[in-house]
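Enquirer: Before I ask anything, let me first share the structure, which is written out below as structure tokens.
The values are calculated or read from the model by the stated rules, or taken from the named source; none is laboratory data. All figures in this text were calculated on a predicted structure; none of them were measured in a lab. Using ideal geometry, Cβ is built from the backbone for each residue, glycine included, and neighbour counts are taken over all protein chains shown.
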Amino acid sequence: TAQAAPPGDRDVIANLWSWNWNSVARECTDHLGPAGYGGVQVSPPQDSLTRGGAVWWDVYQPAGYTLTSKFGNESQFAAMVRACHAAGVRVYADAVINHMTGQGSTSYGGASFGKYTYPGLYSPADFHYYSEDCGNTDNLIHDGDYTGSARNVQNCELVGLSDLETEEEYVRGAIAGYLNKLIGLGVDGFRVDAAKHTSPADLGNIYGRLSGSPYIYQEVIYGSGEAVQPGQYTGIGDVLEFQYGRYLREKFYGNISDLRTFGESWGGMQPSGRSVTFVANHDTERGTGALSYKDGAAYRLATVFQLAWNYGTPQVYDGFTWSDREAGPPHTNGFVRDAVCGSGWECLHRDPAITGMVGFHNAVRGTAVANWSAPNGNVIAFSRGTRGWIAINNGTGSHAGTFPTGLPAGTYANVAGSGTVTVNGGGQATVTVPAKGAVAIVAGGTTTPPAQVPVTFNV
Ligand code: LAG
Ligand code: CA
């Protein structure tokens, strides 16, 4: 199969991580479609180890490829895909295909298994452990392997998870069979989990067996000087751009005026057309290198910037709120309960500033950044061609100023906040940008401010 292009005119992906299928379906219909999101990423749909709801990470330990999981069953999954499609939202599934579960014996779907033995699917000969392709005697990936050995990063076990021998014909066929089953249910593409731990040759072979032309974006975490690099995977699909969120954290805690040249020229970043960007994901929000909902207004503002900037395919993250890094989402007997925004769930994607900026992003597609100005380190403003203009203030006090907007004279609604902006005959606007806030306008956009919707964002 040819490499699929990133999604078309509505390309923003909501990452509804750990949401159950019924809730994703409801969200597509009621919020994602109406707001202009073009896709939704859903959690791993295959059966997995269960730890009875205590942890979130059991779903990254596949027990088989049937579709009863902590998020619902196959018919709920299929109904979700139909609901999202009816709302104009494509569905991308988190594909855990590098490994199988490395522990336990009980799954959500009621399968019984042991390490290296998953009845009816894989037996010991299907794992690197038995082929002795890993260079470490304990069969684990060690920290030092990342800079030294692509072989070990790809053939040893990631945190002790049973590493599939993806060079093998049977394994490639079984993985492709699973992904094709999802495609048969209407899935439009995949976030490939732990792609760094499977060689591009093996993944390329597997992708070549897929029906249709799914959109594929791969998790290859960039590390300076490492043996496995994201650029080794951009010939077979897109990549999740990990440097993007690292830099945004640095600049939103420093000077956002540094962002003037932000993009491919920055260390470790991939070409815009091959990158899926995110301010946070489920791993980075539990680490220290990226912003998360716990950063409050700076996190929201970084997401506003992401949707305005001309780089990559933006993904907006939304998981559940937490204090224990390992704790699972609200559940009953391990099965995830319906998501309730403002009560255990983050729901940044519903924030009016964010939905307004999804509309902005869609409206300015294909235009370059112009009319840059940065009156101080905390305030930036720029246009996207002559289609949209935004001012962002990361400071703790409001900022008043006059800016070139590139837009025709008129009165525009502020899609990133409230009120209106008047552009004069010379294309200039005099605005007050609120502290930790933004003012954004779109050519041809309504001149009537949108009704104020209750803010559901949880800070
Ligand atoms: C990923 N990308 O490469 C996911 O984004 C990441 O969240 C996954 O790790 C990882 N790959 C495997 O799919 C998560 C947790 C780990 C957890 C793992 C498997 O961050 O902590 O490991 O999922 O469930 C857990 C225990 C380990 C144990 C391991 C195997 O935390 O201590 O060794 O299970 O039993
Ligand atoms: Ca591997």
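Enquirer: So LYS115 clears everything in (1) within 16 Å of ligand 2 (Cβ to nearest atom); (2) surrounded by 24 or more Cβ atoms within 10 Å (Cβ to Cβ) except one condition, right? Which one?
Expert: Against the list (1) within 16 Å of ligand 2 (Cβ to nearest atom); (2) surrounded by 24 or more Cβ atoms within 10 Å (Cβ to Cβ), LYS115 comes up short only on (2).
Enquirer: Just checking, how many residues over the stretch 260-281 are of a type in the set (Ser, Thr, Tyr) and more than 18 Å from ASP11 (Cα to Cα)?
Expert: Total satisfying the criteria: 2.
Enquirer: Could you tell me which numbered condition TYR170 fails, if it satisfies all but one of (1) within 11 Å of ligand 2 (Cβ to nearest atom); (2) over 20 Å from SER43 (Cβ atoms)?
Expert: Single failed check for TYR170: (1).
Enquirer: For the stretch 81-89, state whether one or more residues are within 17 Å of GLY328 (Cα to Cα), touching a helix residue (DSSP H, G or I) at 6+ places or on another chain (Cβ under 7 Å) and surrounded by fewer than 24 Cβ atoms within 10 Å (Cβ to Cβ).
Expert: Looking for residues that are within 17 Å of GLY328 (Cα to Cα), touching a helix residue (DSSP H, G or I) at 6+ places or on another chain (Cβ under 7 Å) and surrounded by fewer than 24 Cβ atoms within 10 Å (Cβ to Cβ), one finds none in the stretch 81-89, hence no.
Enquirer: Determine whether GLY344 is outside the structural domain of GLY237 (by TED's automatic domain parsing) and surrounded by fewer than 17 Cβ atoms within 10 Å (Cβ to Cβ).
Expert: no
Enquirer: Could I ask something else about it? Would you mind finding the one in ILE354, ILE390, ILE380 that is assigned by TED's automatic domain parsing to the domain that holds TYR293, within 27 Å of the chain's Cα centre (by Cα) and not polar (S, T, N, Q)?
Expert: After ruling out the rest, the residue left standing is ILE354.
Enquirer: Whether any residue in the stretch 75-92 is away from ligand 1 (no atom under 15 Å from the Cβ), of a type in the set (Phe, Trp, Tyr) and under 21 Å from ILE175 (Cβ atoms) is what I want to check.
Expert: Looking for residues that are away from ligand 1 (no atom under 15 Å from the Cβ), of a type in the set (Phe, Trp, Tyr) and under 21 Å from ILE175 (Cβ atoms), one finds at least one in the stretch 75-92, hence yes.
Enquirer: Cβ-Cβ under 8 Å, sequence separation 6+ or interchain: first residue in the stretch 282-297 and away from ligand 1 (no atom under 16 Å from the Cβ), partner of a type in the set (Val, Ile, Thr). Which pairs?
Expert: LEU291/VAL279; TYR293/THR321; TYR293/VAL459; GLY296/VAL459; ALA297/VAL459
Enquirer: Does at least one position in the stretch 245-257 carry a residue that is farther than 30 Å from TRP322 by Cα, buried (at least 21 other Cβ atoms within 10 Å of the Cβ), assigned by TED's automatic domain parsing to the domain that holds HIS349 and of a type in the set (Ser, Thr, Tyr)?
Expert: no
Enquirer: Quick check, is GLY184 touching a Lys or Arg at 6+ places or on another chain (Cβ under 8 Å), away from ligand 2 (no atom under 16 Å from the Cβ), more than 22 Å from LEU240 (Cα to Cα) and not acidic (Asp, Glu)? Steps first, please.
Expert: Values: touching a Lys or Arg at 6+ places or on another chain (Cβ under 8 Å): no; away from ligand 2 (no atom under 16 Å from the Cβ): yes; more than 22 Å from LEU240 (Cα to Cα): yes; not acidic (Asp, Glu): yes.
No, not satisfied.
Enquirer: Shifting gears a bit: Which of (1) touching a strand residue (DSSP E or B) at 6+ places or on another chain (Cβ under 8 Å); (2) surrounded by fewer than 24 Cβ atoms within 10 Å (Cβ to Cβ); (3) charged (D, E, K, R) is the odd one out, the single condition ASP30 does not satisfy?
Expert: (1)
Enquirer: How many residues are buried (at least 17 other Cβ atoms within 10 Å of the Cβ) and outside any loop (DSSP other than H, G, I, E, B) if we restrict to the stretch 58-77?
Expert: Residues meeting the conditions: 8.
Enquirer: Show me the helices (runs of 4 or more DSSP H) entirely contained within the stretch 114-222 in which 2 or more residues are touching a helix residue (DSSP H, G or I) at 6+ places or on another chain (Cβ under 7 Å), more than 16 Å from ligand 1 (Cβ to nearest atom) and without any contact (Cβ under 8 Å) to a residue 60 or more places away in the chain.
Expert: 169-184
Table: residues versus (1) of a type in the set (A, V, I, L, M); (2) modelled with pLDDT of 95 or more; (3) under 26 Å from THR261 (Cα atoms).
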residue: VAL364; (1), (2), (3): yes, yes, yes
residue: GLY385; (1), (2), (3): no, yes, yes
residue: GLY395; (1), (2), (3): no, yes, yes
residue: SER398; (1), (2), (3): no, yes, yes
residue: VAL415; (1), (2), (3): yes, yes, yes
residue: GLY427; (1), (2), (3): no, yes, yes
residue: THR446; (1), (2), (3): no, no, no
